[in-house]
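Here the structure is laid out as C-alpha cells; the discussion comes afterwards.
The values are calculated or read from the model by the stated rules, or taken from the named source; none is laboratory data. Quick caveat, the model's predicted, so the values are computed rather than measured. In this analysis, Cβ positions are derived from the backbone assuming ideal geometry, glycine residues included, and neighbour counts consider all displayed protein chains.
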Ligand code: AMP
C-alpha cells in the first residue's frame, strides 16, 4: 500500500478523488458535512507538503448537466470546513479545466465540476479517464465510499500515474480497519449482524464464517432462522425461501467451529408502528398477531456478556426497528456493550448503512474504534471482495 507519506508532493498538482456526494436541502445547502470532514486531513497534508489540490467528485446521479447537482453548491462549505479558499471550475475535463489546473500554485485548491455530468465517468471510459488524468501530476484516491465502483475517476484513471499514485488518508484508515477484522482479528473475533433480511447478507455471512469465532444474528434476520428450527414467528418478517439456507448455514458454522448466537427472547409489537402494544415472547414462541421488532431483555444481557469477552468486534445492521423509539433499545444496548468492550481494549468496527446511522443517532461515535464512511464499499469488503478503486492503486 503506497500511502501519502511515501510520495513527494512538492510542486506537484495532486488530483484527489474525494467522496463529496453529500446531502443538500432545497436551498442547496449541505446538511451533513461528515464526508467533507473525512477528506480534510489528506487535503491539508498535501498543501503542507507544498503541493496543490485538484478535487474531483461526483454528486448524486445527474442525467446530463443538471444544475441542481452542481458541485458549485458545496464550494463554500468545503472552504469553511478546510479554512482555505477554493476556486471552482465549471467543467472537469477539456481545455478550460486543464488551464485552470495548470494555473494552480502550491498551496492552492481547485474543485472541478461533477464528474457524473459525463456518462463516461460511470462507464469507466478510457479516454475520459485519460483526459481527467491531464489535470494533475499525481493521483490520490481518498473516496472509500465509491471504491467499489469501477469508474473512470476511481479505478481507470490510476493507470496513467505509474508510481505517482497513492491511498489518501481516509482510504488508508478504512482499509486498515477492515484488515484489523478480516485479516488480523485478535481472538475472540465477533461479528454482530442485524438488519432486515437474510437474503441480502448471505455473501457477508459466508465470508465471515472464515474470519470469526462468534456470530450474533439479530434484527429481522432472526425469524428465518427460528422458523427453520421449528419456532413460531407470528407476523414477524420471515423469508420462507431461505429457511433451508439458514439450516445449512448453522451446520456449516458448526463444522468451522463458529458459534452462532440467536436471541433468547424478543420484544414484539401488535402492528408495525411506534404506537404498537408491546409484549416479550420467548424467541421460539411468538403468538399470532404479534411481530418481533426488537431484542428482548434476556437477549440483551446474553449479547452484552458475550460482547465483553471479545477482542475484535464487527457490527453491521441494527438489532431491531430502531427507527421507532419504542423498539430501539436492543440496538442502543448493543452500541453500549460494544462501547464498553472497546473501552476495555477491544477493537470495534461499525460499517454499512443503518448501523452507522444508529451509532451516530445514539451518540456512540467517539466510543467505537472505527466507523466506516462507506456503505456499499464496506459491505463488499466484508464479502471479501477486492474493490476496484483499491486494486488500481497497487
Ligand atoms: P439492512 O439494510 O438489511 O441492514 O436493514 C436495516 C433495516 O432493518 C432497518 O430499517 C430496520 O428497521 C430493519 N429491521 C431490523 N429489525 C427488524 C425487524 N425485527 N423487523 C423488521 N425490520 C427490521
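The table for this structure:
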| quantity | calculated |
| --- | --- |
| Residue in the stretch 232-252 that is nearest to residue 181 (Cα to Cα), counting only those that are touching a strand residue (DSSP E or B) at 6+ places or on another chain (Cβ under 8 Å) and surrounded by fewer than 18 Cβ atoms within 10 Å (Cβ to Cβ) | 250 |
| Number of the exception - residue 145 against (1) in the same structural domain as residue 34 (by TED's automatic domain parsing); (2) within 15 Å of the chain's Cα centre (by Cα); (3) part of a loop (DSSP other than H, G, I, E, B) | (3) |
| Whichever residue in the stretch 340-358 is in contact with a strand residue (DSSP E or B) (Cβ under 7 Å, 6 or more places away or on another chain) and at pLDDT 90 or above and, among such residues, is surrounded by the fewest Cβ atoms within 10 Å (Cβ to Cβ) | 342 |
| Residue 128 being surrounded by fewer than 22 Cβ atoms within 10 Å (Cβ to Cβ) and within 28 Å of the chain's Cα centre (by Cα) | no |
| Selection count where residues are touching a strand residue (DSSP E or B) at 6+ places or on another chain (Cβ under 8 Å) and without any contact (Cβ under 8 Å) to a residue 60 or more places away in the chain, scope the stretch 21-41 | 6 |
| Of all residues in the stretch 209-231 being part of a helix (DSSP H, G or I) and out of contact with any helix residue (DSSP H, G or I) (no Cβ under 7 Å at 6 or more places or on another chain), the one that is surrounded by the most Cβ atoms within 10 Å (Cβ to Cβ) | 219 |
| Residue 328 within 14 Å of the ligand (Cβ to nearest atom), buried (at least 23 other Cβ atoms within 10 Å of the Cβ) and in contact (Cβ under 8 Å) with a residue 12 or more places away in the chain | no |
| Residue pairs meeting the criteria (Cβ under 6 Å; at least 6 apart or on separate chains; first over 15 Å from residue 199 (Cβ atoms), in the stretch 231-259; second within 16 Å of the ligand (Cβ to nearest atom) and assigned to a loop (DSSP other than H, G, I, E, B)) | 231/284; 234/287; 234/290 |
| Tally, over the stretch 232-241, of residues that are in a helix (DSSP H, G or I) and within 23 Å of residue 269 (Cβ to Cβ) | 1 |
| Filter result for the condition that a residue is more than 21 Å from residue 371 (Cα to Cα) and more than 12 Å from the ligand (Cβ to nearest atom), over 256, 311 | 256 |
| Residue that is farthest from residue 327 (Cα to Cα), among those in the stretch 264-293 that are within 11 Å of the ligand (Cβ to nearest atom) and surrounded by 16 or more Cβ atoms within 10 Å (Cβ to Cβ) | 286 |
| Residue in the stretch 169-184 that is in contact with a helix residue (DSSP H, G or I) (Cβ under 7 Å, 6 or more places away or on another chain), away from the ligand (no atom under 16 Å from the Cβ) and part of a loop (DSSP other than H, G, I, E, B) present | no |
| Criterion (in contact (Cβ under 8 Å) with a residue 24 or more places away in the chain, under 28 Å from residue 148 (Cα atoms) and within 13 Å of the ligand (Cβ to nearest atom)) met by exactly one of 384, 352, 374, 335 | 352 |
| Qualifying residue in the stretch 345-355 (condition: in contact with a helix residue (DSSP H, G or I) (Cβ under 7 Å, 6 or more places away or on another chain), in the same structural domain as residue 203 (by TED's automatic domain parsing) and more than 14 Å from residue 181 (Cα to Cα)) | yes |
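Each row is one residue, and each column tells you yes or no for (1) surrounded by 15 or more Cβ atoms within 10 Å (Cβ to Cβ); (2) under 26 Å from the mean Cα position of the chain (by Cα); (3) under 25 Å from residue 25 (Cβ atoms).
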| site | (1), (2), (3) |
| --- | --- |
| 46 | yes, yes, no |
| 51 | yes, no, no |
| 55 | yes, yes, yes |
| 58 | yes, yes, yes |
| 67 | no, no, yes |
| 70 | yes, yes, yes |
| 85 | no, no, yes |
| 96 | no, no, no |
| 99 | no, no, no |
